[in-house]
Structures are given as C-alpha cells and as structure tokens.
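To start, the structure itself, in structure tokens.
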Amino acid sequence: MASPQEKNKAHGGKTPHRGTDAKHTVMITGASSGFGTHLAKAFASAGYNLVANARDEAKLATLKSALEKSRDSKFVGVIADIRSAEGLEEIKAALAKQNVDVLINNAGVNPELQGHNAMSEVSDIQNVIHTNLSSVIALCTSAYEYFSARGGGTIININSVAGLKGNYHEAVYSASKFGLRGFSEAVKDEWLKRGVRMIDVYSGAIATGMSSHRADVAGLIDPSELAEFLVGLCKTESLFVRELNVQKTGNRL
Ligand SMILES: NC(=O)c1ccc[n+]([C@@H]2O[C@H](COP(=O)([O-])OP(=O)(O)OC[C@H]3O[C@@H](n4cnc5c(N)ncnc54)[C@H](OP(=O)(O)O)[C@@H]3O)[C@@H](O)[C@H]2O)c1
C-alpha cells in the first residue's frame, strides 16, 4: 500500500500541513446566508482561502465582493445543489482542485420551524432527510477519500442540539440530525487513523438564519463568536475536539 507521502506525490506533491506562511483553504456549504456567511467571514479574517457553496448565485456574488474588498483571501464559488448527483460531483472536484484542508458541512433546511407542524407529505420529509443527512454523508465520504489520500484533513459537521434530543416541533429535522450523529459515530475513529478529523458541532439556537424569526433572537448564540471559535479548532494539529455541545451562557438548551 502506498504511504501518505507517496500518495501526496500523486496529488501534486502537496501536503496537508503546510508551512505557517502558506494559506489554508476551507470549503463551506450553505455559505450564501445565515451561519454560513459568518463562517466565511471568520475563516477569511483568519487568512483562509474560501470555497463557498450554495444554490443562490447572487448571494454568493455579494459575499465574494464583501470579502474581496477587505481581504486578500482567494474566493471560489461553487453554485451547486447538494441534493443532486451533479452538484455533489462539482463539490467533490472542487475539493481536490482547490486543495481544500477543511470541509464544513453547514448547509441545511428546517421547514418545520416555519410551519410548526409535523410534516406529513413524504416529499417534504425526503427533502429534509436528503439535504441534512444523505447529501452530508456523501460529502463526508468524498472528503474522507480525498483527505486520506493526501495524508489528512478536517471535516466539521454543523449539527444541532436537535441531534442530541428530539424536539416535537421539529421532529423530521431532529431525525435528520440524529442520523448524521449516528453516521459520524460509526466512522470517526476509523477515519482518524487515516488523519481525517471529524468534529461534530451540536449547537443550540444561533442568532441567525433558521432562528432569525424568533422573538428572542437577540439572546441566542452569537454566530460570529461561534464561527471564530470553530476557526480556532482547526488550528490545532496534535489534538482535536471530537464534538462540541454549544449553548448560550445562562440559558437552557
Ligand atoms: N440557526 C440556528 O439556530 C441553528 C442552530 C443549530 C444548528 N444550525 C445548523 O446550522 C446550519 C446553518 O443554518 P442557518 O440557520 O444558517 O440556516 P439558513 O440561514 O437557512 O442557511 C442555510 C444555508 O444552506 C444552504 N442550502 C440549503 N439547501 C441547500 C442545498 N440543497 N444545496 C446547497 N446549499 C443549500 C442555503 O443556501 P441556498 O438557499 O443559496 O442554497 C443557505 O446558505 C444548518 O445545518 C442548521 O441545521 C442552525
């Protein structure tokens, strides 16, 4: 079997852990709005090059111009629907082409929060499971193949406290996030043996995106603070945090 070094040669001789002067690259799914834009800004501020995925081309263009005005980081947009086979192929190709070091699975949907009803149409249920679970498993697997061949890399899954404790008003969303937790638990230790670190983030309500309609939004987790915290987790090389259970100081989950 080829050593990681031999495999790195096959990948253009690039190693995952670069010198401190070289820029690292993060890929963020669902970067066009909500927590994804906060992640993009935090990683750009820390000097990372960005590969930003979402379906909305106009919103990605706005993010690109906002970041390029103030930073010298490279920005590559990947306009793709993570539910489609073509979209997943485009993202997979971009992992290698852009020499990505960190993949953040952030894209997600939670239509129950708007309707507050258990979803009864199978197509609605499938959409949530497809976006939040099946596609994320496929992205994790693509990243694992790419990272393990080059000697290492980091995957961050933006899960939710709904992946630890089911919520009645978002039952399908909870099921999707529980599923991702199960997948991660199953592969994490094996993947670590090949230098692939998977960090699961079980966050309480964040003051952005899906929770922006809440009356108490001002008292929720600050998205910029959490994004900066996740940047810090990517800097460690000799240790990693397997999972984070994040809640607002002074609040219940
Ligand atoms: N906000 C919270 O309170 C909270 C709490 C815990 C966990 N989370 C998790 O944090 C993540 C982000 O949530 P958010 O609140 O920021 O939501 P949001 O504002 O609704 O943003 C979701 C992002 O996902 C993208 N997206 C959705 N479906 C997609 C698809 N099929 N293909 C590609 N991109 C897709 C959207 O972009 P396009 O529409 O442009 O494709 C958008 O950029 C989610 O995984 C969520 O479960 C959120």
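The values are calculated or read from the model by the stated rules, or taken from the named source; none is laboratory data. Everything quoted here is computed from the prediction, not taken from an experiment. With ideal geometry, Cβ positions are generated from the backbone for all residues, glycine too; neighbour counts draw on all protein chains shown.
Please tell me if Lys23 is surrounded by fewer than 17 Cβ atoms within 10 Å (Cβ to Cβ), touching a Phe, Trp or Tyr at 6+ places or on another chain (Cβ under 7 Å) and touching a residue at least 12 places away in the same chain (Cβ under 8 Å).
Details: surrounded by fewer than 17 Cβ atoms within 10 Å (Cβ to Cβ): yes; touching a Phe, Trp or Tyr at 6+ places or on another chain (Cβ under 7 Å): yes; touching a residue at least 12 places away in the same chain (Cβ under 8 Å): yes.
Yes; evaluated as a whole, the condition is true for this residue.
Condition first: in a loop (DSSP other than H, G, I, E, B), at pLDDT below 95 and surrounded by 17 or more Cβ atoms within 10 Å (Cβ to Cβ). Can you find one or more residues in the stretch 119-141 that meet it?
Pass one, the stretch 119-141, residues in a loop (DSSP other than H, G, I, E, B): 119-121.
When the remaining residues are screened for being at pLDDT below 95, the result is 119-121.
Retained after the next criterion (residues that are surrounded by 17 or more Cβ atoms within 10 Å (Cβ to Cβ)): 119.
Yes, some residue in the stretch 119-141 is in a loop (DSSP other than H, G, I, E, B), at pLDDT below 95 and surrounded by 17 or more Cβ atoms within 10 Å (Cβ to Cβ).
Which of the residues spanning the stretch 162-197 are part of a helix (DSSP H, G or I), surrounded by 15 or more Cβ atoms within 10 Å (Cβ to Cβ) and of a type in the set (D, E, K, R)?
Going through the stretch 162-197, the residues part of a helix (DSSP H, G or I) turn out to be 162-163, 168-192.
Those left that are additionally surrounded by 15 or more Cβ atoms within 10 Å (Cβ to Cβ): 162-163, 170-181, 183-184, 187-188, 191.
Glu170, Lys177, Arg181, Lys188 - these are the residues of the stretch 162-197 that are part of a helix (DSSP H, G or I), surrounded by 15 or more Cβ atoms within 10 Å (Cβ to Cβ) and of a type in the set (D, E, K, R).
For the stretch 207-217, state whether one or more residues are surrounded by 13 or more Cβ atoms within 10 Å (Cβ to Cβ), closer than 21 Å to Ser142 by Cβ and charged (D, E, K, R).
No: zero hits.
Just to check your reading of the model, which residue among Thr141, Thr154 is in contact with a Phe, Trp or Tyr (Cβ under 8 Å, 6 or more places away or on another chain), polar (S, T, N, Q) and away from the ligand (no atom under 11 Å from the Cβ)? Quick ask: steps written out before the conclusion?
Values: Thr141 fails: in contact with a Phe, Trp or Tyr (Cβ under 8 Å, 6 or more places away or on another chain).
Result: Thr154 is the single residue among Thr141, Thr154 that is in contact with a Phe, Trp or Tyr (Cβ under 8 Å, 6 or more places away or on another chain), polar (S, T, N, Q) and away from the ligand (no atom under 11 Å from the Cβ).
Please count how many residues of the stretch 203-234 are near the ligand (Cβ under 8 Å from one of its atoms) and under 19 Å from Leu164 (Cα atoms).
Residues in the stretch 203-234 being near the ligand (Cβ under 8 Å from one of its atoms) and under 19 Å from Leu164 (Cα atoms): 8 in total.
Go through (1) at pLDDT 95 or above; (2) within 18 Å of the chain's Cα centre (by Cα); (3) not charged (D, E, K, R) for Val172 and report which single condition fails.
(2)
Could you tell me whether the stretch 61-74 includes any residue that is within 10 Å of the ligand (Cβ to nearest atom), free of Cβ contacts under 8 Å to residues at least 40 places away in the same chain and surrounded by 22 or more Cβ atoms within 10 Å (Cβ to Cβ)?
There is at least one residue in the stretch 61-74 that is within 10 Å of the ligand (Cβ to nearest atom), free of Cβ contacts under 8 Å to residues at least 40 places away in the same chain and surrounded by 22 or more Cβ atoms within 10 Å (Cβ to Cβ).
In the list Lys165, Lys177, Lys188, Lys193, which residue meets the criterion of being touching a residue at least 12 places away in the same chain (Cβ under 8 Å) and more than 23 Å from Ile28 (Cβ to Cβ)?
Of the residues listed, the single one that is touching a residue at least 12 places away in the same chain (Cβ under 8 Å) and more than 23 Å from Ile28 (Cβ to Cβ) is Lys165.
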